[in-house]
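Below: the structure, in structure tokens.
The values are calculated or read from the model by the stated rules, or taken from the named source; none is laboratory data. Values in this document were obtained by computation on a predicted structure and should not be read as measured data. In this analysis, Cβ positions are derived from the backbone assuming ideal geometry, glycine residues included, and neighbour counts consider all displayed protein chains.
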Amino acid sequence: MVRTHVSRFAIAVALAAGLSGPASLVARAQDASPVATPTMPIEVTLHDTSGATVGQAIFTEGPDGVTIRVRVEGMTPGEHGWHLHAVGICDPKGDEPFSSAGPHWNPTEQPHGGPESPHHHVGDFGNITVGEDGAGDSQITTRDFTLGEGPTSVFDTDGTAIIIHAGTDDLTSQPSGNSGPRFACGVVAAPRTTATPVPVAQAAATPAS
């Protein structure tokens with residue numbers, strides 16, 4: 001049921017964004033080129049730890065910055081943290097699923113905070129509200145990063161991934177808002193190399209949230 005419903009809302013979002021149709025919904029961000037232009041939407045499919053499709057995020061860039069629209073299903077009602085993470089790998093295996101995505105993406109070396117805070121990671125999006133039906137829908141526009149080139153491009157060497165967390169981001173706790181386990185993950189940009197982007201010792205010391 002979740003797969004069918006996600007497909008339905010994904011098609012609606014895609015049509016609203018002016019995309020070509022259902023065929024575009026299966027395009028994975030891993031296939032996106034590192035030379036993506038600011039006008040090219042990036043469609044990211046979100047999967048849970050079982051591999052089921054639970055939502056979609058669409059990134060578009062315009063004069064006001066990058067807009068991210070995310071929709072998700074199958075979650076517990078309430079507030080759930082969502083962020084960009086530093087590595088474009090979504091591996092559900094291991095004691096901490098999706099730890100392969102690394103910590104929050106933080107190319108400007110700022111403390112964690114809410115998206116409106118004076119200091120925050122470029123990947124800090126705050127919380128998405130999930131209703132009693134288990135579905136959530138949120139949108140944010142930011143100038144903190146770009147889909148084009150530059151030091152804050154999502155297409156950096158390690159790539160980037162979007163994570164939806166099982167818990168609420170308190171927007172204060174360091175380094176990641178104490179948002180709990182990683183519920184869903186989607187690759188925004190895959191790493192440009194096959195080398196492990198995060199040292200094993202650093203990955204082991206990084207909290208899962």
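So the values come out like this:
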{"read-out": "The range 29-57, subset modelled with pLDDT of 95 or more and of a type in the set (A, V, I, L, M, F, W, C), residue surrounded by the fewest Cβ atoms within 10 Å (Cβ to Cβ)", "value": "Ala52"}
{"read-out": "Any hit, the range 91-103, residues being hydrophobic (A, V, I, L, M, F, W, C), more than 21 Å from Pro191 (Cβ to Cβ) and either surrounded by 15 or more Cβ atoms within 10 Å (Cβ to Cβ) or modelled with pLDDT under 95 (or both)", "value": "no"}
{"read-out": "Strands (runs of 3 or more DSSP E) (entirely within the range 105-209) containing at least 1 residues that are modelled with pLDDT of 85 or more and hydroxyl-bearing (Ser, Thr, Tyr)", "value": "124-130, 136-142, 160-165"}
{"read-out": "Among (1) in contact (Cβ under 8 Å) with a residue 60 or more places away in the chain; (2) closer than 17 Å to Thr160 by Cα; (3) outside any strand (DSSP E or B); (4) not aromatic (Phe, Trp, Tyr) - the single one Thr76 does not satisfy", "value": "(2)"}
{"read-out": "Test result for Gly81, within 16 Å of the chain's Cα centre (by Cα) and within 25 Å of Ala190 (Cβ to Cβ)", "value": "yes"}
{"read-out": "Conditions (1) in contact (Cβ under 8 Å) with a residue 12 or more places away in the chain; (2) surrounded by fewer than 20 Cβ atoms within 10 Å (Cβ to Cβ); number of the one not met by Glu109", "value": "(1)"}
